[in-house]
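The values are calculated or read from the model by the stated rules, or taken from the named source; none is laboratory data. Keep in mind that this is a model prediction, so the values were computed, not measured. Virtual Cβ from ideal backbone geometry, glycine too; neighbours counted across all protein chains shown. Accessible surface is based on the protein model in full, side chains and every heavy atom, while ligands, DNA and RNA are left aside. Shrake-Rupley method; radii C 1.70, N 1.55, O 1.52, S 1.80 Å.
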Amino acid sequence: MLIENFEWPLVESFRDRQAQILRLEQWWKDPDHQPINLYGRRRTGKSWLFRRIAHGKPAVILISLRSAPGKQLTDFARQLEPILGVHPEIRDVPSLFRILLRLGREQKVLAIVDEFPYLLPRAPAAIERALSAIAAVFEEELGESQTKLILCGS
């Protein structure tokens, strides 16, 4: 499985934010594979920033919508199928992260989940359970993965 480099046609239109770009590029080069969170107000350019960072790198960008969780995961499975060569079964959010981390077993890859909070349940106790399950996946998979993960949200 080889993930192709992401090509963003508007890369030359991107202006400013050099300090943030430099910081993210350094994070990309760093051998540590801890994920980062880009969080901020809506309409401030976060999506453009991560597309700029993904340009020219093997990358997968998944964008969450305000829709039923099952539909989102089905859509993500459809997006990941050409990369994986099979239609993955993504039954929950921790399964999605397991797949994203395993993408980086053979090559360094950038995985971006935009609007990550839309993937989480609404009830506080359910959010805690989901985040705990995701953390367990990271504990199991991160050591063998070269995936660099960006979670983005408003």
(message) Return the residues of the stretch 100-118 that are under 18 Å from Val137 (Cβ atoms) and either among the charged types (D, E, K, R) or out of contact with any strand residue (DSSP E or B) (no Cβ under 7 Å at 6 or more places or on another chain) (or both); say none if nothing qualifies.
(response) Arg102, Arg105
(message) Testing Glu128 on (1) in contact (Cβ under 8 Å) with a residue 12 or more places away in the chain; (2) surrounded by fewer than 20 Cβ atoms within 10 Å (Cβ to Cβ); (3) out of contact with any Lys or Arg (no Cβ under 7 Å at 6 or more places or on another chain), one condition comes back false. Which one is that?
(response) (1)
(request) Return yes when Gln34 is in a loop (DSSP other than H, G, I, E, B), open to solvent by 30 Å² or more (accessible area, probe 1.4 Å), within 30 Å of Pro121 (Cβ to Cβ) and touching a strand residue (DSSP E or B) at 6+ places or on another chain (Cβ under 9 Å) and no when it is not. (result) yes
(request) Considering each residue of the stretch 7-22, count those that are at pLDDT 75 or above and loosely packed, with under 13 Cβ neighbours inside 10 Å, and give that number. (result) 4
(message) Taking the criterion of being open to solvent by 30 Å² or more (accessible area, probe 1.4 Å), in contact with an Asp or Glu (Cβ under 9 Å, 6 or more places away or on another chain) and under 23 Å from Ser154 (Cα atoms), would at least one residue in the stretch 41-53 satisfy it?
(response) yes
(request) Could you figure out which of (1) under 14 Å from the mean Cα position of the chain (by Cα); (2) closer than 20 Å to Trp27 by Cα; (3) modelled with pLDDT under 95 isn't true of Lys148? (result) (3)
(message) As an exercise: evaluate Glu25 against (1) charged (D, E, K, R); (2) open to solvent by 30 Å² or more (accessible area, probe 1.4 Å); (3) closer than 20 Å to Pro117 by Cβ and give the number of the one condition it does not meet.
(response) (3)
(request) Answer yes if at least one residue in the stretch 106-118 is without any contact (Cβ under 8 Å) to a residue 24 or more places away in the chain, open to solvent by 10 Å² or more (accessible area, probe 1.4 Å) and either closer than 20 Å to Lys71 by Cβ or β-branched (Val, Ile, Thr) (or both), and no otherwise. (result) no
(message) Given (1) of a type in the set (Gly, Ala, Ser); (2) open to solvent by less than 40 Å² (accessible area, probe 1.4 Å); (3) without any contact (Cβ under 8 Å) to a residue 24 or more places away in the chain, identify the lone condition not met by Ala123.
(response) (2)
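Out of curiosity, is Arg78 open to solvent by 60 Å² or more (accessible area, probe 1.4 Å), in contact with a Phe, Trp or Tyr (Cβ under 6 Å, 6 or more places away or on another chain) and either modelled with pLDDT of 95 or more or not β-branched (Val, Ile, Thr) (or both)?
On the way: open to solvent by 60 Å² or more (accessible area, probe 1.4 Å): yes; in contact with a Phe, Trp or Tyr (Cβ under 6 Å, 6 or more places away or on another chain): no; either modelled with pLDDT of 95 or more or not β-branched (Val, Ile, Thr) (or both): yes.
Spelling it out, it is not the case that Arg78 is open to solvent by 60 Å² or more (accessible area, probe 1.4 Å), in contact with a Phe, Trp or Tyr (Cβ under 6 Å, 6 or more places away or on another chain) and either modelled with pLDDT of 95 or more or not β-branched (Val, Ile, Thr) (or both).
Residues that are of a type in the set (S, T, N, Q): list the helices (runs of 4 or more DSSP H) wholly contained in the stretch 44-154 that include at least 2 such residues. Explain how you work it out, then say what you get.
Numbers: elements: 46-54, 69-84, 93-102, 124-141.
So the answer is 69-84.
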